[in-house]
Amino acid sequence: MPQNQPMYRYIADDLRTRIKDGALQPNAKLPTEGELSEQYEASRNTVREAIRRLTEEGLLESRPGQGTFVARKLDPFVTVLTADPKTGFGGGDSAAYLSEVRSNHREPTNSVPRVEVVQVSSEVAPLLEISTDSQVVGRSQDRYIDGIPWSRQTTFYLMDFITKGANDLLMAKDIEGGAVRYLADEIGIRQTGYRDWITGRLATEEEQQFFGIGHNAAVFVHAHLAVLGRKNRLLKLRRKVRKNQLKHRQWTSLPTDRRGSAREKALWLVRFRD
């Protein structure tokens with residue numbers, strides 16, 4: 001029992017020691033506040049304060065609807081946020097992502113793509129420069145590294161691509177070689193430039209549950225505006241939700257020619273945990 005120190009500090013010290021000694025393993029679920037209250041013969045408010053302090057230290061993490069867990073020890077993965085300015089490939093393209101992860105002796109896995117035709121949202125429509133009554137093809141996929149959630153992404157494609165012959169966009173399977181190369185080979189649309197920027201916000205409940213992060217966790221929005229095609233038209237919008245396990249290695253901004261139609265441009269939004 002505590003000697004000349006507040007009870008919440010004693011509880012925090014004891015739990016901290018058990019975590020560092022391995023008695024409480026990473027990803028282990030902590031007993032409930034009621035159980036800890038009985039174990040330490042302390043009030044729930046006292047237990048809650050101890051847990052709050054360990055959460056701020058990064059030793060514990062609260063998962064909405066699940067409880068409090070010992071924080072997982074994550075091995076940061078250094079990745080390229082943007083594509084190679086010379087080739088236009090990379091920066092999240094499926095083929096480049098798988099190759100990059102494996103080259104670092106890590107194991108990448110993907111969920112089966114979820115494909116649907118939906119009416120474009122009021123948020124996406126102005127970015128693709130189409131009317132809000134237009135329909136787009138949405139392709140969603142979850143990515144994992146070493147079995148741990150890495151990113152959640154959704155890409156919206158113009159229906160024009162389907163009528164032009166890019167029918168693989170409607171298939172619930174990975175596109176071999178990546179979508180950028182597929183669009184170039186199948187319908188002659190090629191990337192010619194892009195621009196990147198980052199903003200921040202709080203994580204949504206869905207993001208909290210998928211990544212196992214607290215309700216007050218911050219995320220960043222990495223927007224990637226890519227120009228494809230000879231007429232510099234907007235092509236697609238990709239949104240990625242990513243945990244902040246990465247360090248920024250490349251940041252490139254290429255000028256774009258705004259002459260002519262603007263519909264063959266593409267924007268990627270990437271979100272990752274702070």
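Do we find that residue 130 is farther than 23 Å from residue 210 by Cα and modelled with pLDDT of 80 or more in this structure?
Yes: the conditions hold for residue 130.
Please report, ordered by residue number, the helices (runs of 4 or more DSSP H) entirely within segment 1-56 with at least 3 residues that are on the phi > 0 side of the Ramachandran plot and surrounded by fewer than 17 Cβ atoms within 10 Å (Cβ to Cβ).
Helices (runs of 4 or more DSSP H) meeting the threshold: none at all.
Return yes when residue 212 is crowded, with 20+ Cβ neighbours inside 10 Å and closer than 24 Å to residue 64 by Cα and no when it is not.
So residue 212 fits the description; yes.
Scan segment 159-197 residue by residue and report those that are touching a His at 6+ places or on another chain (Cβ under 9 Å), buried (at least 16 other Cβ atoms within 10 Å of the Cβ) and not charged (D, E, K, R).
Answer for segment 159-197, where residues must be touching a His at 6+ places or on another chain (Cβ under 9 Å), buried (at least 16 other Cβ atoms within 10 Å of the Cβ) and not charged (D, E, K, R): just 194.
What are the residues in segment 94-130 that are more than 20 Å from residue 183 (Cβ to Cβ) and part of a helix (DSSP H, G or I), if any?
Scanning segment 94-130 gives 100, 101, 102, 103, 125, 126.
The values are calculated or read from the model by the stated rules, or taken from the named source; none is laboratory data. For clarity, every value in this text was computed on a predicted model and none was experimentally measured. Backbone-built Cβ (ideal geometry, glycine too); neighbour counts: all protein chains shown.
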